[in-house]
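Step one of this worksheet: look at the structure below.
The values are calculated or read from the model by the stated rules, or taken from the named source; none is laboratory data. Please read all numbers here as calculations on a predicted model, not as lab measurements. All Cβ positions, even for glycine, are placed from backbone atoms using ideal geometry, and neighbour counts span all protein chains on display. All accessible areas refer to the heavy atoms of the entire protein, side chains included, with ligands and DNA or RNA removed. Shrake-Rupley method; radii C 1.70, N 1.55, O 1.52, S 1.80 Å.
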Amino acid sequence: MRIVLVGPPGAGKGTQAAFLARNLSIPHISTGDLFRANISRQTELGKLAKSYMDAGNLVPDEVTIAMAKDRMEQPDAENGFLLDGFPRNVSQAEALDELLEAENMQLDAVLDLEVPEDEVVKRIAGRRICRNDSSHVFHVTYKQPAKDGVCDVCGGELYQRDDDSEETVRTRLEVYHTQTEPIIDYYKAQGLVVTISALGKVEDVTTRAMEALKRGGDGK
Ligand code: ADP
Ligand code: AMP
């Protein structure tokens, strides 16, 4: 399956993607995680991306699309993938359609995670991620690690993302509403959107998501 996950920052896309990717045997591709891995490795791409990320803005399309394309072309993504955080505006969605069309492929569904803004703010404020791998995600109250400040998965140090500060979160939410939300209508026109509530326990949201994906897109 080829799936796009969409929802505001802090909705739980990464958290759900980890379970869904395992259940569906497809790789979880997060452009945010790819950028953070580049920042850790201090690559040129990482240096460029950091300045945009720290301000809560989108990294320019050209580099983002090239990075996503490169990842989607890896052998493990041959039979499907779960995109998390990409596309994030209509131009990226159009670029993705072109990439898929060139390979005679199409998306199966766009899973839209709905969470009220006050809950998203609480989720982001308490989010802690692992220095070794930013896909290892915890929360100070909702998903506490067994040992304070230590990643349950790999023992790495947990820290708060630079862009999870209150001020940057405001910008990121605005960017979501103005630039990312329009992709939901773009995909609705293709009949691909499945919307679920992402409130409640992580495992309940996963069950809801799996059932919704089985039902498929809401139609045009
Ligand atoms: P996103 O990838 O959409 O930005 P994350 O998956 O990183 O969001 O989740 C944001 C924060 O909310 C994390 O700290 C995560 O542990 C927490 N979280 C995710 N899903 C839930 C849930 N269903 N209930 C409570 N907290 C959650
Ligand atoms: P995320 O981990 O998905 O919350 O993304 C963190 C940050 O990475 C975003 O606020 C953007 O600055 C950048 N980013 C991630 N994905 C994209 C994308 N598809 N387009 C542009 N910027 C992105």
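If you take the residues of region 149-179 that are hydroxyl-bearing (S, T, Y) and free of Cβ contacts under 8 Å to residues at least 24 places away in the same chain, which of them is farthest from A125 (Cα to Cα)? So the residue we want is T178.
When region 107-138 is filtered for residues that are closer than 19 Å to H177 by Cβ and touching a Lys or Arg at 6+ places or on another chain (Cβ under 7 Å), only L113 remains. Within region 146-162, the set of residues being open to solvent by less than 60 Å² (accessible area, probe 1.4 Å), within 13 Å of ligand 1 (Cβ to nearest atom) and closer than 20 Å to H28 by Cβ comprises C151, L158, R161. Taking the criterion of being outside any loop (DSSP other than H, G, I, E, B), hydrophobic (A, V, I, L, M, F, W, C) and either in contact with a Pro (Cβ under 8 Å, 6 or more places away or on another chain) or closer than 18 Å to I26 by Cα (or both), the residues of region 62-98 that qualify are A68, M72, A77, F81, L82, L83, V90, A93, A95, L96. Scanning region 86-106 for residues that are crowded, with 20+ Cβ neighbours inside 10 Å and either free of Cβ contacts under 8 Å to residues at least 12 places away in the same chain or over 17 Å from H177 (Cα atoms) (or both) turns up A95, L96. Note on region 134-157: among residues that are closer than 21 Å to I39 by Cβ and within 16 Å of ligand 2 (Cβ to nearest atom), the one that is farthest from the chain's Cα centre (by Cα) is F138.
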